[in-house]
Every structure is written in structure tokens, then in C-alpha cells.
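Report on the following structure.
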């Protein structure tokens, strides 16, 4: 020892004692994994865009694959096609994402206010139903929009409106920005609803009452007290909706493409299927930068305000405001939203899946063929109904195993991140793990898919070429869901006082025993919500995996897509209904499990 | 003062232990020896490092320097690179929030340590039942922690600590989460546990009543260091620093500015109109701080004139706020004293009852009757 400098000795000791702590080991392992799966792929993506590839040989025979080039960047940013490839789609992306966020915030905020702060009819039901649109795949309502307003240019005959009125709906109503904004807004409003309802619930009525006592009017109270207190939640809801809408693929594809209205996400897809991947990767990077800038701006804007909404545990009251004469219109609005976002879509989808010809809305056109029919060459190119159709059932199986695997893995990862972050609080390592596990959140889904496509087409680092394997889908979905799983893992572990673990450490319990007998039982129910979220979002995931799917790894979501493209909407709609049914069954099972976990100790205690 | 002067080897010994949290030094060059069977309390305000010391002994924190010995073995040594994990130190610990596992029954909570230490499964129920019985918890084994009262939860925590028969018990503010009445009862319970097990106990608290009533020795801590270590009575009667004088004792001690001087033919300290006769190794005219316990005042015919400002009957006696020159002093007087606010009284204090401090160093200055 004597030959070492004191500083070195200190370092060695730090290392030695640090490694004895499990959260340090977990943190280090996570750090390596995250660097490999999150940070490095992004760098790899950038390198790919700066390199000639085999694909380029078609258009540029003199290109030398593997050699560096700025060609792709020049082509996207400053060439005769830049306008069509980058600037117009970028503007379209921003317009639709902003519009969708505005719709979502308005609808979700109003609904939250009605449910939390007023005596609107059916409050408890609204509270449950207000979340349902989020459970549905994001383009469900887009398919319904097509059923209503479809014109022959989308294939598959005319929509319900044209068939009823005889006049084709105008293009601006059927396709393009307006329907995309409305459809996305109706899909994403549950975020705003959930976040704002929670914030309003934790807002002590006495804060507003003190303003009232001091003589402030309703408008002043709203402007000076209520809105500033809700601002963090408002901003979070906005950011969440905005970045989701930015990265979504299904809706702009279905409702934009027929009129050649491209957003960045559909443009990325177009590039990659037309074997101009590098351009698609650059667009993905643009999307990532925008998303990251928005989140950054949000965090700067909120800053210390985040701590406003605090749960003190003291008796808190929320005041219920009687609506008086407004009760009927308010109820009509609230239930109208639910009807338009949930009931009508499901009804129309089911109806459409039972139609022999997709544009004949009469009752004698009804058939169960697309559900249970045997193969019939006269119908749908001889494809059998979805419950007899092997590829579709295979896709259903794929969807289920992908979602279950993702949910389990994110649960484990969430627990590990929680351990490393909460138990190592204050250390540099913990901060890094927390930050990096949040990174996938900054990457819009379609761009994330593009990143993994770029990286895993070939063998990469210690990993083999995963493209085309089921494992790649699991990996992609797990890493993309990591931010939410980590947050629920961190939140769950925050609630478990370190003393509970220390008490067992003092008694001699090792790491594995502590995790198994103390931590897992205590955090299970908290972690379950994150796991359930991962399951649901993977079941209905399209944007993230659309670029990575191969015929062998098809899921239900990509199947609906294929059938829509083939002009067989009945199949697409039947599959969507099946998918929703599977999601609901999954959620029900999870809730049952959660309820059992929560009541089990009490029951056992009573019985014995 | 059992064991304080102990001839035997200490059971726990900390040698020059330092612990930093980032730039903050929580514990500074800390040395302490605890004798076998002793009940030693670390007393201090929050943030003084007392809990950190306890957690380093338990192995829940890693010191940055120094050595910790338990039972003749180094459990931590910076020099030798020794670190024994908590489980290998064979000690029992009670946490501030009890840290009962909410998903386990009382029985399972207490049995856990035995299972971890691989006691024969057939033996575990008997030992658990014994431990529960010794803490009057019979019949509660199948309850869950949330179905128990605060006092019962506390006793389960004690049972969980005792069941493996550790030689060293560590308690981190175990009573701070109980209401006042229960706390008094649990003080007796903790003392009884200590007396019955004879296990060396290190107890952390910010409550000086707990420290004074339960301990063989008390270490008063501030800013990561021990200011004074000794039996409770020493701390109370002969505080070594102003901080200790101020921190120990309830109701609070009177700290009065005085001047060394010569008046009416005798040397002494002048506190306004009051002269406390006696000598100290200080020049005439030197400013001092005189500490007087409220119960050491004598209300009577002799002494300096004072005016009663407030009378607070506590039931067992009277607390008076009285004006003495420029000072307002707190006086504990017998309950049958008939005084009203505004009334003139005379106050005096015996020279051997006061403690004198240098206001610069805040250290005690020897002072004795002439």
C-alpha cells in the first residue's frame, strides 16, 4: 500500500466498498446496458447517415459503400427535393401535433374539471370511461373516420356519409390535416384528462377560498391562483401529447397519404420502404431533436414549479361546484365525448367487420364471413375469417407473447432502475441511470424504430444481426417502454422506506433474499401499473415496430395495416375489434391480480 | 455508572472515524468506547451526526476514515480495507419508523431473523413465541403491523431485534414516533429489555429526557463531534460547554450575562442587581455567561429584587417569569408559593449551583465559593 499515492488508495477503497453495495452493482450494470441499447444506437444512427451504403449504389454507381459522405444530409436539407422531403412534412408534423395537443388539452381539461370539480351527471362512470380511448390503438378512430368519409380514392368503395347522402364528402373533411388533428386529439385526450384530474384533485380548495376571502373575483382566482397551480400538469400533458402525436404513424398514414399529405413519420416510412434509408434516418434525427427540444423547454418552464402540487397528507378538501342550469349541457358534452371517442368507433368497427361489401350499409349485406367464414374464392381473395385464419391467429399469438415478454422485462428493468436510483440517491451513477433511462422518451416511436433498424440490420457490438427476429421486437418495445417502467419503479421504491430493507440487512439477509422477501412483495402492486401500461401499449403498438416487422414476426396491429392497404377494411376492422378485446381481457386479468395482491394479507390475517 | 470506568475491554470502539456526505462532514474524527453491558446514549439536535454514528456501527454506512471494533474484532478499518456487512456483525437494531415489514405478520416479522440465520425450523416458533411473550405480545402473532397500535408495533420491533440474542443493541430514536404518554411507558419497557438482556445498548435520541432517564452514560454531540461524555447527572449539573448546558434540561436553563467583579467587599459575579459570590480564574471586569437551572433559584427574604411577570402553574410546581434587572429569568418555585404578576420578590442562587462559561470559547470556567 505504501507505494501508492494516498489519492489512489482512497480511490481503491471507494471502489472496493462501493462494489460491496448491491445498488452500485445494479447501477453499473444498468449503465452499461443503457449505453449499449440507448446511447450507442443513436450515435450509430448518426454515423450511418454520414456513410455511403449499398442502397446508394443504384442511384450513385460511383458511391463507395462504407466511405464517409455528407451526401444524404445535403440531399435532405438543401437540394431540389428538400421542400417535399423535409420542410413540408416538418411543417405538417408540427401543425398536426400542435393541433392534436390543443384538441386533447381542451377536451381532456374540460372533462377533468367537470369530473373533479362539478356535480356533472355520472361522474364516477365518466372517470373510468375517460381513460378508455387511450387503451384503443391510436388509429382506431382513423379507421372509423374512413368508414364515415371514405372516398373511392382510398380504395374499398365509398363511406357511410356518401352512401347516405349520395354526395362525396369534400377532401378537406375526409383527408389531410383536419381529420388527423381531430382523430389524434380524440385519441390522446386521456393524458390531459388523467394528469389534470390528478392535479385538480390535489389542489386544496382552501387555496382558492383564501383568494375569495380576500375579495378576488372568479376570473381573477382562475387566472392568478388556479391556472398557475395547474400549470405544471398542463405543460406535462401538452408535452406528452405533442411528442406522442409527433411520432405517431398510423393515423397520418391512413388519413394523409390518399391526398399526399406527408408528415415526418410517414415520410420516414416512405423513405425506408423505398430503400432510401439514410434519408429516413436523417428525418428521424430531426424528429428526435424537435422532441428533445420540447421536453427541455418544458423542464425549463416548469423548473421549481413542479413541487407546487404536493400531497401533504393533511385533510384536504376539493370543492364540488353545482352546475345549476348548465348541468344538462355539461353532461351532454361529457357523454358526447365518450360516445364519439369510444362507443361510436367500436360500434362502427364491429358493424363494418360484419359487412359483405364494405360500401353497402343495408342489413342484408351483413355476414359473419370475416370473423368465422371458411375460405371462399369469391370473397376477399379467398381469405378465411380471422378466427380461422392461420396467419392472423399467428399474429395474435405474436402480439400476445410480444406484449407479455415486454411487460415482464420492463417490470424487471423498472425495478432495477428504481433500486439503482432510489437507493443510490445523490450519487452520480444514480443520476446518470435516471437520465439515460428517460432518453427513449425523447425519441418519437417511429424514429426509435428507425434507430433500431439502422443498428440491428447487421451484427452490432456483442449482439448478432437481430433484424427479422422476435427478440428484436421485444428489445425495442422494452427499451422504448423503459421511461414509464422506470418512473413507476422509482415511485414504487420511494414508498418503501430504506429502513425496511436495512432492517433485514442487519439481520443478515443477503441481496437476493432482500429482493425476494422484502422488496418484491412491497413494490409489486406499484410496479404492476407500469407493467400493465407496457402490456397495453405494446399490444396496440404500430409506429414503433412498423419498420422492424418481417412476415415471420407480424403482429395484429401490422396485420390491420396490411388489410387496410389491400382494400379489405372488414378484415382490418375485425382484427382491431379482436385486438381491443384481447387488451381488455389482459387489463381485467391484471386488475384481478392486483386486487388479489392487495387484499390477500388481510384475508389471511382474518382467517387465522 | 455501570461499566463506565470498566476495566474490561470495550464491546464497541470507534477510533478516529470520519464520514463525509459530499462536501459535508457528518462525523469528524470521532472516537468512543462503549463498555459491555452499558447503556450509552448519543444525544444531540437533528443533523449532529448521531444517527450516522449508529448506522456506521451497524454497517449501514461506510465511514471514510478510521476503525470500528465490535467485540474485539474490526468490523471496519480504513487502513486494512476491512468492511463487515451488517448481517455479519450480529447486532440488533430498532429503527425510527419501526421498519416492520407491512406484508408480513408479526410472527413472520420476528421469525425472519431466525430464518435468515438458519435456525432449525422446528425451533423457530418456540423462540418467536418466547420473544413475543417477553414483550407482552401474546396472541398477536398472526396480525399484520397495520392492525396494531403504535405501542404494539414498537414492541414488535423490539422483539424482532431481541429474538436472535444479539450482544449489541442499536436503537435509532425508537420512541420519537409515539405520543407523549406512550413514550413514558415505552421508556420503562426499553430499560427493562436492557436490564433483562444485559446487551450493550447504543441509543440515539434528540430528547434529553430520554437520555437522562435511561442511560448509564450520555454523549452530547454537535456538528459530528462529542462535546461531553459522562453520566446523566454530570451533564445536568456540570455541563462542559454552553451548548450542553442549553441543550440538556427542561424547562430550559437560564443563561445570563454577568461581569466578574468586586462589590460589597466580596469577589463574585454581578448579574444585574444580583451578586453571586465566588472566585474564578478571570480578570476583574471580564464578561461571563452564568447558567442557572430554574429549580436552583431561591425565592425568599434575601437576594436581589425582582418582579414577577408571569405565573405558570404546572401542577407539581410553579414556573415564574421574573424580571431581574435587564434579564427575564425562569424560576421553578414550590406550588404553594402565593405570588401574582407584578409582585416584588427577592431571588438568590447558591454559588455552587451556578455554572460559569467564557462567552468566547463557550467552555466552562471553574468557579467556586470563596
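The numbers here are math on the coordinates, done by the rules we state, and not lab data. Quantities reported herein were computed from a predicted structural model and do not represent experimental measurements. Positions of Cβ are generated from backbone atoms using ideal geometry, with glycine treated the same way; all protein chains shown enter the neighbour counts.
Structure values in brief
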quantity	calculated
Segment A:328-433 shape via C-alpha gyration tensor axes, a/c threshold 1.5	oblate
Other protein chain Cβ atoms within 10 Å, averaged over every residue that makes up B:92-99	5
Shape call, segment A:100-197: gyration tensor on alpha carbons, a/c limit 1.5	prolate
Under 15 Å from the residue B:302 label point (7 Å along Cα→beta-carbon), backbone N, segment B:337-352	B:346-352
Model label zone, residue A:274; criterion: amide N under 19 Å from point 7 Å along Cα-to-beta-carbon; scope segment A:69-112	A:71-93
Helix axis angle, B:180-197 relative to chain B longest principal axis, alpha carbon, degrees	60 degrees
Extension gain from residue A:552 to residue A:566, taking 0.36 nm per residue of separation minus the Cα-Cα distance	3.1 nm
Exercise: per-residue mean of other protein chain Cβ atoms within 10 Å, A:495-503	6
Contact order relative to length of chain B, as percent, for alpha carbon pairs under 8 angstrom and 6 or more apart	15 percent
Centroid-to-centroid separation of segment B:164-184 and segment A:519-553 [C-alpha atoms, Å]	45 Å
Peptide B:155-164 - average C-beta neighbours from other chains (10 Å radius)	1
Spread of Cα-to-Cα distances over 10 Å intervals beginning at zero, given as percent, for segment B:106-152	27, 54, 18, 1
222 nm mean residue ellipticity, helices alone, for chain B (DSSP H n ≥ 4; -39,500 (n - 2.57); rounded to 500)	-6500 deg cm²/dmol
Surface/4 estimate of mean projected area, convex hull on alpha-carbon atoms of segment B:237-344, nm²	7.3 nm²
Approximate spin-label separation residue B:343-residue B:360, in nm, with each point projected 7 Å along Cα-to-Cβ	4.4 nm
Fewest-first sequence of B:243, A:470, A:456 by Cβ atoms within 10 Å of each Cβ	A:470, B:243, A:456
Per-selection metrics, segment B:171-329 (Cα): Rg and Dmax in Å	19.3, 59
Förster radius 41 Å - calculated FRET efficiency between residue B:223 and residue B:295, Cβ distance, rounded to 0.05	0.85
Relative contact order %, chain A, counting alpha carbon pairs below 8 Å whose residues are six or more apart	19 percent
Rg followed by Dmax, in Å, when segment A:118-251 is reduced to its Cα trace	20.2, 64
Label point distance in nm, residue B:123-residue A:467, each placed 7 Å from Cα along Cα→Cβ	6.4 nm
Two-decimal Rg to Rh for segment B:106-234 - Kirkwood Rh, Cα set	1.01
Residues of segment A:556-585 with amide N under 12 Å of a point placed 7 Å along Cα→Cβ from residue A:375	none
Proxy reagent accessibility, fewest Cβ within 10 Å first, across B:24, B:259	B:24, B:259
Estimated FRET transfer efficiency (residue A:296, residue A:121; beta-carbon r; R0 35 Å; 0.05)	0.25
Peptide ranges A:520-530, A:574-584, A:115-125 listed from the most packed, as the mean C-beta count within 10 angstrom indicates	A:574-584, A:520-530, A:115-125
Peptides A:533-544, B:301-312, A:443-454 ordered by average Cβ neighbours within 10 Å, highest first	A:443-454, A:533-544, B:301-312
Mean separation of Cα contacts under 8 Å (6+ apart) over length of segment A:492-604, as relative contact order %	23 percent
Percentage of interatomic Cα-Cα distances in chain A larger than 46 Å	21 percent
Cα gyration tensor category, rounded, prolate or oblate, for segment A:431-477 with a/c compared to 1.5	prolate
q = 0.11 Å⁻¹, segment B:163-230: log10 I(q)/I(0) [Debye, one scatterer per Cα]	-0.28
Footprinting exposure proxy for B:213, B:314, A:476, A:564 (fewest neighbouring C-beta atoms within 10 Å first)	B:314, B:213, A:564, A:476
Two-site label geometry, residue B:213 and residue B:234: point separation in nm, points 7 Å out along Cα→Cβ	2.4 nm
For peptides A:262-269, B:273-280, sequence by mean Cβ density within 10 Å, most packed first	A:262-269, B:273-280
